[in-house]
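Chemist: Take a look at this one; I'll ask things after.
No value in this document is a laboratory result; all are computed from the given coordinates. Keep in mind that this is a model prediction, so the values were computed, not measured. Positions of Cβ are backbone-derived with ideal geometry, glycine not excepted, and every protein chain shown enters the neighbour counts.
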Amino acid sequence: MSSLQRRYEILLPLRFNDGQPVPDDLIAETLLELEQQFRAVSWESQVTHGRWGNEGQSYRDELVRVFVDVEDKVPHRKFFVQFKKKLKKRFLQLDIRMTTYLVEEI
């Protein structure tokens, strides 16, 4: 029997926009919050690299991918919408890349 869930995927920066490294405790705090909220969190140890631009400024990113699989419920979506706002402040970012999609567990 399979079940549908929704995956929320977050790309957390390992460097601030000015190039300074993000302290490990900010990543740890974020992971702990997700674990406490949903009783599980996963992340990859590999670094994802990216480039993007804003208002003529070019940025290079080093990111860690974090993801949580939960039941597809409105309260969970509301949590992540608010959590994204919190993360933008915590990591001093113009934006935090957060995506969501359905996953089927078999």
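Chemist: For Val103, what is the net charge nearby, where nearby means another residue's Cβ is under 13 Å from its Cβ and Lys, Arg count +1, Asp, Glu -1?
Modeler: -4
Chemist: Could you tally the net charge around Val47, taking each other residue with its Cβ under 11 Å from the Cβ of Val47, Lys/Arg +1 and Asp/Glu -1?
Modeler: Once positives and negatives cancel, what remains is -1.
Chemist: Right, here's the next one. Nearest 500 deg cm²/dmol is fine: what mean residue ellipticity at 222 nm does the chain get from its DSSP H runs of n ≥ 4 alone, each adding -39,500 (n - 2.57), divided by its residue count?
Modeler: Computed ellipticity for the chain at 222 nm equals -10000 deg cm²/dmol.
Chemist: In addition: Over every pair of different alpha-carbon atoms in the chain, take the mean of 1/r and invert it; report that Kirkwood radius in Å.
Modeler: 14.7 Å
Chemist: Counting other Cβ atoms within 10 Å, keep those with at most 16, restrict to DSSP loop, and tell me which chymotrypsin sites (Phe, Trp or Tyr not before Pro) in region 2-102 are left.
Modeler: Phe16
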